[in-house]
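As structure tokens, the structure follows; a few thoughts come after it.
What follows draws every value from the coordinates through simple rules; no lab data is involved. As the structure is a prediction and not an experimental result, all values here were calculated from the model. Note: ideal-geometry Cβ built from the backbone for every residue, glycine included; neighbour counts use all protein chains shown.
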Amino acid sequence: MLKIENLHTYHGHLHVLEGIDFELLEGELLSIVGSNGAGKSTLLGTLAGVYSASEGKIEYKGLDITKDGVQKTVANGICLVPERRQIFSSLSVKDNLMLGAYHRYSRDKKTVHRDYEDIVELFPRLKQMLSRPGGLLSGGEQQMVAIGRGLMANPKVLMLDEPSLGLAPLIVKDIMTILRRLCDERGATIILVEQNVKAALKVADRACVLAHGKMAISGTAQELLNDPKIQEAYFGKAQTKPKDGIHV
């Protein structure tokens, strides 16, 4: 569904992504994990059209979308739920959700309202606070709004940047369960970027480790969970010294 070949991205003179290659299959949850500064957010931003790739190719359903930019990328069906939620604090929960459908509302009102009802059912916790300003929600509730807003874009590929950031463990578990349900019950295709490696690998189908702008390891999520290098670097098991460029 989504194929990335030799992707390079710079921030000024800083070479952040250095030849990234991977493929996303339809209906799967692919987790990209790695420590802070590895280039995870830049990777999602490049796929979303926020940042321009200096080299390489992003292919979506056989089409080259490398230079499409944000607006066309969203219209094509690729949506990014950004780090730290970034919801509008003065707008109600309902208005925040509806903003996700801004690009299709005028031509598809009936479907938009149906999708809105489906998303409220997916996040029943939000039902009692639809008129509440987004800024008055807890971090976990704001994350639910952010994911729901992304789903309102009716994406074919949903990308999430650190959805567990700053949340309590029980809320993280709820969020990860919802992402898994989206794939299993609704056929969603998801790229999940996370520093919470264990939580991400528990719900993913496949996973990649990003280290210093390069893909260091890839495989099924279970393979990575059982990999001694991953256990050493992220779970504090075996030796404490990281190997093969994977750093905590």
(request) Rounded to the nearest 10 degrees, what's the angle between the helix 169-186 long axis and the longest principal axis of the chain, both from Cα atoms, 0 to 90? (result) 80 degrees
(request) Answer rounded, prolate or oblate for the stretch 1-146, using the Cα gyration tensor with square roots of eigenvalues a ≥ b ≥ c: rounded when a/c is under 1.5, else prolate when a/b is larger than b/c, else oblate. (result) prolate
(request) Jot down the per residue volume, in cubic angstrom and as a whole number, of the convex hull over the alpha-carbon atoms of the chain. (result) 124 Å³
(request) Tally the DSSP beta bridges in the chain and give the antiparallel ones as a percent, rounded to 5. (result) 55 percent
(message) Between the stretch 205-220 and the stretch 93-134, what is the separation of their alpha carbon centroids in Å?
(response) 34 Å
(message) Could you tell me the calculated FRET efficiency between LEU136 and ASP64, based on Cβ-Cβ distance and R0 = 41 angstrom, to the nearest 0.05?
(response) 0.40
(request) Order the peptides 148-157, 220-229, 127-136 from the highest to the lowest mean number of other Cβ atoms within 10 Å of their residues. (result) 148-157, 220-229, 127-136
(request) Within the stretch 91-109, find all residues whose amide N lies under 20 Å from a label point positioned 7 Å from the Cα of GLU117 along Cα-to-beta-carbon. (result) 93-102, 104-109
(message) Modelling each spin label as a point 7 Å along the Cα-to-Cβ direction, I'd like the HIS212/LYS72 distance in nm, to one decimal.
(response) 3.5 nm
(request) Divide by every residue of the chain the summed helix terms, -39500 (n - 2.57) for each DSSP H run of at least 4, and state the resulting mean residue ellipticity at 222 nm, rounded to the nearest 500 deg cm²/dmol. (result) -10500 deg cm²/dmol
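So which GluC sites (Glu not before Pro) in the stretch 52-117 end up in coil per DSSP with only 14 or fewer other C-beta atoms within 10 Å?
Taking the stretch 52-117 and a limit of 14 other Cβ atoms within 10 Å, no loop GluC sites (Glu not before Pro) are found.
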(message) I'd like the FRET efficiency for ASN6 and GLN222, computed as 1/(1 + (r/R0)^6) with the beta carbon distance as r and R0 of 25 Å, rounded to 0.05.
(response) 0.35
(message) What distance in nm lies between label points placed 7 Å from Cα along the C-beta direction at GLN86 and LEU165?
(response) 1.0 nm
